[in-house]
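A.B. asks: The structure under discussion is supplied below as structure tokens; questions concerning it will follow.
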Amino acid sequence: MPTTDEIKQRIEASIPDSRAEVEDWTGGGDHFRATVVSPAFSGLSRIQQHKLVMDVFAGEIGGSIHAFSVKTQTP
Amino acid sequence: MSEQQTENPLRDAIVEAIKENEVILFMKGTPEAPACGFSMRTVQAVQATGASFAAVDILPDPRIRQELSAVSNWPTIPQLFVNGEFIGGCDIVTEMYESGELHEALGVETPAPGDNTGVSDPAASAPMGIENRLG
């Protein structure tokens, strides 16, 4: 089961110049909420921005990550 | 993309439903009895705009979710479509509700800024049941 730190690191490693804040929404280790700030989002639609973050966990969302809530921002 | 001929009636039915309904929400459970908190928040946001919408419960058959995600290229439920276009899931719909963009996307009047104190809570704000359909 991924931890909030792992999720944060994986997002920051995958999305250029990003900063991520990740919280475990329910304390159960499978509902996460991530706020991600990156210049890579600029010019993208909201769907594309969220997709960029969710794609880091492709295959895990719906599996070991039961729920994943995303908020994206440009710096 | 070589299997264009493959029959996939379920996927066809999903594509058809998205095409035929101006506003359609795929969710877990029903608007009256959402089976997941994310579906509940999303359906409340859509209802709070007063727009009419169709809802599909994806729970009865796991293949619905599979095919839907293949169509939309989006992994999670709920999913909202307007005029055939994928709008987003819970996070995006909630964000759009709060900013007034959802009203715009659904073709209903945006609440006047400043005189709506409950905007951040879809359940509490905006009168429900206003019929203000497109066209």
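Nothing in this text is a laboratory measurement; each read-out follows from the coordinates by a stated rule. Just so we're clear, the structure is a prediction, and the values are computed from it rather than from any experiment. Positions of Cβ are generated from backbone atoms using ideal geometry, with glycine treated the same way; all protein chains shown enter the neighbour counts.
A.B. asks: Checking the a/c ratio against 1.5 first, then a/b against b/c, what shape does the Cα gyration tensor give for chain A?
C.D. replies: Taking the square roots of the gyration eigenvalues as a ≥ b ≥ c, chain A is prolate.
A.B. asks: Additional query: For the protein assembly as shown, what D do you get in µm² per second when you plug the Kirkwood radius from alpha-carbon pairs into Stokes-Einstein at 20 °C and 1.002 mPa s?
C.D. replies: 118
A.B. asks: Pulled fully out, how much extra length does the chain show between A:MET1 and A:THR26, if you take 0.36 nm times their separation in residues and subtract their Cα-Cα distance?
C.D. replies: Value of the extension gain: 7.6 nm.
A.B. asks: Ok, one more. As an exercise, use a Förster radius of 30 Å and the Cβ-Cβ distance of B:ALA33 and B:ARG63 to find the FRET efficiency, rounded to the nearest 0.05.
C.D. replies: Efficiency for this residue pair is about 0.85.
A.B. asks: Additional query: Starting from the Cα-Cα distance between A:ARG19 and A:THR35, subtract it from 0.36 nm times their residue separation and give me the gain in nm to one decimal.
C.D. replies: Difference between extended and current length: 4.9 nm.
A.B. asks: Quick check: net charge around B:ASP61, other residues with Cβ under 14 Å of its Cβ, Lys/Arg +1 and Asp/Glu -1?
C.D. replies: +2
A.B. asks: Oh, and also: Does region B:1-101 come out rounded, prolate or oblate by the C-alpha gyration tensor, with a ≥ b ≥ c the root eigenvalues, rounded set by a/c under 1.5 and, if not, prolate when a/b is larger than b/c and oblate if not?
C.D. replies: prolate
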